[in-house]
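Enquirer: Can you read through this structure? Questions will come right after.
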Amino acid sequence: MNNGYDNFKQQVAELINYIRSMMYPDVFGDMGYKSMDALEVDAHSMLINMLKEVYDEEIDFEAKAKKIFAEFPNIKSLIDTDVQAAYEGDPAAKSTKEVMLAYPAFEALSIFRIAHVFYVEKVPILSRMMTEYAHKNTGIDIHPGATVGPYFFIDHGTGVVIGETTTIGERVKLYQGVTLGAKSFATNPDGTLVKGIKRHPDIGNNVVIYAGATILGGKTKIGDNCVIGGNVWLTHSVEAGSTVLAAHERNEIISPNAGEDDSFWFCQL
């Protein structure tokens with residue numbers, strides 16, 4: 001990168017600030033601009049220059065930037081639902097403004113929602129840098145490729161990990177230390193990892209997952225209206241409406257060549 005790695009990381013942080021100020025000027029301010037139009041023009045110009053840094057081939061950078069910016073009203077609508085979920089889901093929250101200014105979940109989720117647009121638009125470097133910026137500041141690690149429905153809330157948040165191919169439905173609540181991860185990694189004949197396959201779980205609507213729970217595997221599905229208790233380890237699906245309060249120990253020897261379809265059960269209901 002022509003401007004240097006550290007400088008580019010700073011530009012990513014500045015771009016996040018520009019975008020959130022465009023969405024919420026009453027909360028994040030106008031960054032010294034006399035009008036939102038002027039702020040948007042500079043943010044658009046910044047994005048075009050950053051796209052030129054991360055793309056090896058020539059594309060229509062102006063069109064790409066316009067397409068990304070066109071998604072921001074939809075993203076703001078989703079972020080609004082996350083703010084509302086936090087306010088309604090935490091009795092300690094006194095206002096939605098407090099959620100936006102003080103809650104690590106808002107910091108992480110608002111950046112994730114923005115980064116997801118970049119991921120969908122095939123700008124993986126910027127999307128990952130955005131979510132890693134959020135990870136550094138909040139301890140919440142959400143891959144920009146994850147698919148997350150509206151009204152999502154992470155209470156406390158530290159140590160939460162959400163993998164790339166995770167899907168999360170509507171009105172889901174996680175507590176600190178939850179991992180939605182991969183159970184195992186398929187390998188090619190040469191030993192390299194197979195990329196681009198489903199590796200992470202699907203979480204239904206109206207699910208609550210308490211602190212320290214670990215849910216692994218691309219074929220693992222948690223049905224609607226489930227409650228997963230703290231420190232539970234799951235590598236298999238749970239039917240809708242279930243409550244999982246504890247896992248019983250079950251020891252097995254795992255083959256070093258185990259894949260997604262092989263036994264990997266450290267616990268059972």
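Read the figures in this text as sums done on the coordinates, not as results from a lab. Because the structure is predicted, anything quoted here is derived from the model rather than measured. Glycine also receives a Cβ, built like all others from the backbone with ideal geometry; neighbour counts cover every protein chain displayed.
Enquirer: Please state the relative contact order of the chain as a whole percent: Cα pairs under 8 Å, 6+ residues apart?
Expert: Values: 537 pairs, mean separation 27.3, N = 269.
Relative contact order for the chain comes out at 10 percent.
Enquirer: Follow-up. Given the convex hull over the Cα atoms of region 1-82, what projected area results after averaging over all orientations, in nm²?
Expert: Working: hull surface 24.5 nm².
Computing the convex hull of the Cα atoms and averaging its projections yields 6.1 nm².
Enquirer: Which ³J(HN,Hα) values in Hz, rounded to whole numbers, follow from the phi angles of region 107-119 under the Karplus curve 6.51 cos²θ - 1.76 cosθ + 1.60, where θ = phi - 60° and Gly and Pro get x?
Expert: With the stated coefficients, region 107-119 comes to 4, 5, 6, 5, 5, 4, 4, 5, 4, 4, 4, 5, 4 Hz.
Enquirer: Also: Please compute, for the alpha-carbon atoms of region 1-142, the extent along each of the three principal axes and give them in descending order in Å.
Expert: Answer, in whole Å and largest first: 51, 34, 25 Å.
Enquirer: In which sequence would 197, 168 go, from the one with the fewest C-beta neighbours within 10 Å to the one with the most?
Expert: Details: 197 12, 168 23.
Going from least to most buried by this count: 197, 168.
Enquirer: Step through the residues of region 195-203 one at a time and calculate ³J(HN,Hα) from phi using the Karplus curve (6.51 cos²θ - 1.76 cosθ + 1.60, θ = phi - 60°), rounding each to whole Hz and writing x for Gly and Pro.
Expert: With the stated coefficients, region 195-203 comes to 9, x, 10, 5, 10, 10, x, 10, 10 Hz.
Enquirer: Further, regarding this structure: Computed FRET efficiency, Cβ-Cβ of residue 245 and residue 219, R0 30 Å: what is it to the nearest 0.05? Before the final figure, lay out the partial values.
Expert: Details: r = 23 Å, r/R0 = 0.77.
Computed FRET efficiency for residue 245 and residue 219: 0.85.
Enquirer: What is the dipole size for the chain, taken about its Cα centre, with +1 at each Lys and Arg Cβ and -1 at each Asp and Glu Cβ, in debye to the nearest 20? Please list the in-between numbers first.
Expert: Details: 23 positive and 35 negative charges, 63 e Å.
That gives the chain a dipole magnitude of about 300 debye.
Enquirer: Here's something else I'd like to know. Could you give the nm distance between label points at residue 30 and residue 6, where each point is 7 Å from its Cα heading toward the beta carbon?
Expert: 3.4 nm
Enquirer: I've got another one for you. Based on the mean of other beta carbon atoms within 10 Å per residue, what is the order of 201-212, 49-60, most packed first? Can you show the working numbers first?
Expert: On the way: 201-212: 21.0, 49-60: 12.2.
Final packing ranking: 201-212, 49-60.
Enquirer: In what sequence do 166, 220, 192 fall when counting other Cβ within 10 Å, fewest first? Display every interim value, and only then the final one.
Expert: On the way: 166 24, 220 20, 192 8.
Listing 166, 220, 192 from fewest to most nearby Cβ atoms yields 192, 220, 166.
Enquirer: Then there is this: Among 69, 106, 153, what is the fewest-to-most ranking by other Cβ atoms within 10 Å?
Expert: On the way: 69 16, 106 23, 153 26.
Lowest to highest Cβ neighbour count: 69, 106, 153.
Enquirer: Using a Cα-Cα cut-off of under 28 Å, which lysines could be cross-linked to residue 219, ignoring same-chain neighbours fewer than 8 residues away?
Expert: In chain and number order, the partners are 122, 173, 183, 195, 198.
Enquirer: Among rounded, prolate and oblate, which fits the chain when a ≥ b ≥ c are the square roots of the eigenvalues of its C-alpha gyration tensor, a/c under 1.5 means rounded, and a/b larger than b/c means prolate? If you can, show how the numbers build up before the last one.
Expert: On the way: a/c = 2.53, a/b = 1.44, b/c = 1.76.
Oblate shape, in that a/c is at least 1.5 and b/c is the bigger or equal ratio.
Enquirer: May I pose another question? Please go through the residue pairs 9/67; 64/136; 9/66; 66/136 and name each one whose alpha carbons sit more than 25 Å apart in this structure. Spell out each step's value before the answer.
Expert: Working: 9/67 23 Å; 64/136 28 Å; 9/66 22 Å; 66/136 29 Å.
From the list (9/67; 64/136; 9/66; 66/136), the Cα-Cα distance tops 25 Å for 64/136; 66/136.
Enquirer: Per DSSP H run of at least 4 residues, take -39500 (n - 2.57); add these up for the chain, divide by its residues and hand me the 222 nm value, nearest 500 deg cm²/dmol. Provide the component values of the computation, followed by the final result.
Expert: Working: 8 runs with 109 residues, N = 269.
Dividing the helical sum by the residues of the chain leaves -13000 deg cm²/dmol.
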